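Take a look at the structure set out below.
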Amino acid sequence: MNSGTPTPGSQWDPEQYNRFAGEREQPFWDLRSLLEPVSSPRVADLGCGDGRLTSALHRELRAASTTGVDLSESMLARAATHAGGGVTFISADLSTWSDSGVDVVFSNAALQWVPHHPEVLERWRSSLAEGGQLAVQVPSNADHPSHAALRELAVERLGPEAPADPVATNVLAPEEYARLLDALGFERQHVRLQVYAHRLDSAADVVEWMKGTSLTRFRLSMDPAAYESLVDEYRRRLAAALPDSRPYLYAFKRILLWGRLPG
Ligand SMILES: C[S@@+](CC[C@H](N)C(=O)[O-])C[C@H]1O[C@@H](n2cnc3c(N)ncnc32)[C@H](O)[C@@H]1O
């Protein structure tokens, strides 16, 4: 796997991802609050995950229709239970997805898995109707010890073949997204870096957090024993790198971006 390869869809683990559902949900609603009111919009939720928040968004926006897009079979299987009443789910790659006449393109915590954000966002922009809105949230936490220690360990264990950290490789600086939105014709925009103060029981819980996201790329590409050994060593290094405070404050940076086309 390399940075250009999306997370293999069928292997995403909804249970592990949802262990910190409350902490992971707040940015979703912060992103939603950037949207301006629009009557009966057509909505696309790209990288929709298990669909629970997709259907909540659909109700919140009183949308005419909402399409959730994901590649993960396990996520889409769960999402199917939220389909109906105008909500549908499809299997597609968000990096090549396009449509037309969409009023709101929404994507929470998914774009970081794919490279070439200028091209992807241009495709998403061309899917929007006049006056359409784009709202995207990506993590921007690659410089935190939780990510840095994992990258270092991965190179030691796997050498140049180590799967790349998608956040480090793919996510741009906030100001680059601002320039991009402007170049793509968004008349108004809001881009911010926000620090989420996640209170975990202890620093050891950072490993559990990472199992739901960044460690996935290792679980998918290593044999189980080698993966377990990598996680054990990662746990040991994090314990040395992070303070032994209870609770542990996991300060997690995210970029929220919103733009609206002239309408
Ligand atoms: C961190 S989860 C976020 C789920 C949901 N948006 C939420 O806020 O809870 C990321 C989702 O992106 C999906 N994903 C990753 N790469 C993708 C791709 N290239 N195309 C479509 N979905 C992708 C994963 O399957 C996963 O469901």
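The values are calculated or read from the model by the stated rules, or taken from the named source; none is laboratory data. These figures come from a predicted structure and were not determined experimentally. No Cβ is skipped: glycine too gets one built from the backbone with ideal geometry, and neighbour counts run over all protein chains shown.
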Give the residues of segment 174-192 that are in contact (Cβ under 8 Å) with a residue 12 or more places away in the chain and among the small types (G, A, S), sorted by residue number. A178, G185
Against the definition (touching a strand residue (DSSP E or B) at 6+ places or on another chain (Cβ under 8 Å) and among the charged types (D, E, K, R)), how does R219 come out, yes or no? no
What residue, among those in segment 188-205 that are modelled with pLDDT of 95 or more and more than 16 Å from the ligand (Cβ to nearest atom), is surrounded by the most Cβ atoms within 10 Å (Cβ to Cβ)? V191
Note on segment 40-51: residues more than 12 Å from the ligand (Cβ to nearest atom) and either at pLDDT below 95 or under 13 Å from A135 (Cβ atoms) (or both) are P41, V43
Answer yes or no as to whether H117 is free of Cβ contacts under 8 Å to residues at least 40 places away in the same chain and not acidic (D, E). no
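Name the residue that is nearest to the ligand (Cβ to nearest atom), counting only residues in segment 206-220 that are surrounded by fewer than 17 Cβ atoms within 10 Å (Cβ to Cβ) and farther than 14 Å from R24 by Cβ.
Of everything passing the filter in segment 206-220, L220 is nearest to the ligand (Cβ to nearest atom).
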Quick one: is A241 touching a strand residue (DSSP E or B) at 6+ places or on another chain (Cβ under 7 Å) and exposed (fewer than 15 other Cβ atoms within 10 Å of the Cβ)? no
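Can you list the helices (runs of 4 or more DSSP H) lying wholly within segment 36-141 that have 2 or more residues being under 15 Å from the mean Cα position of the chain (by Cα) and surrounded by 19 or more Cβ atoms within 10 Å (Cβ to Cβ)?
Counting at least 2 such residues, we get 52-60, 117-126.
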Count - residues of segment 202-226 that are without any contact (Cβ under 8 Å) to a residue 60 or more places away in the chain, of a type in the set (S, T, Y) and touching a Leu at 6+ places or on another chain (Cβ under 8 Å): 0
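Just to be sure, is E156 surrounded by fewer than 16 Cβ atoms within 10 Å (Cβ to Cβ) and either of a type in the set (A, V, I, L, M, F, W, C) or more than 21 Å from K253 (Cβ to Cβ) (or both)?
Here the answer is yes, as E156 does meet what is asked.
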Candidates T66, T54 - the one that is of a type in the set (S, T, Y) and within 12 Å of the ligand (Cβ to nearest atom): T54
